[in-house]
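> My questions will all concern the structure given below.
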């Protein structure tokens, strides 16, 4: 089985790719983490209706200890 690990250096909106955190995973703006998506305020208003909210994130919040800051792991085989 092949395994690829991709480290993150910040968080991005899953829709528009706006940067949502700095390199220390401190939120740069208010955003919302939904089950399966992290969206900025604008995209959250567009697409978030009826979605399951995991966490409302406030500007300045430290996200370094959340699953959002973990590397992306892909396994093939």
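> I'd like the full set of residues that are touching a residue at least 12 places away in the same chain (Cβ under 8 Å) and either surrounded by fewer than 11 Cβ atoms within 10 Å (Cβ to Cβ) or under 11 Å from residue 33 (Cα atoms) (or both), limited to region 44-60.
Our first condition is that a residue be touching a residue at least 12 places away in the same chain (Cβ under 8 Å); within region 44-60, this holds for 44, 46-48, 51-60.
Hits for region 44-60 are 44, 48, 51, 52, 53, 54, 55, 56, 57, 58, 60.
> Counting only residues that are more than 12 Å from residue 11 (Cβ to Cβ), in contact with a strand residue (DSSP E or B) (Cβ under 7 Å, 6 or more places away or on another chain) and assigned to a loop (DSSP other than H, G, I, E, B), how many does region 30-64 have?
Residues in region 30-64 being more than 12 Å from residue 11 (Cβ to Cβ), in contact with a strand residue (DSSP E or B) (Cβ under 7 Å, 6 or more places away or on another chain) and assigned to a loop (DSSP other than H, G, I, E, B): 8 in total.
> Follow-up question, since we're still on this one. Output the residue which, of all residues in region 4-37 that are within 22 Å of residue 75 (Cα to Cα) and touching a helix residue (DSSP H, G or I) at 6+ places or on another chain (Cβ under 7 Å), is surrounded by the fewest Cβ atoms within 10 Å (Cβ to Cβ).
That would be 8.
Since every read-out is calculated from the coordinates, none of them should be taken as a lab result. For clarity, every value in this text was computed on a predicted model and none was experimentally measured. Here the Cβ is made from the backbone with ideal geometry for all residues, glycine too, and neighbour counts use every protein chain on show.
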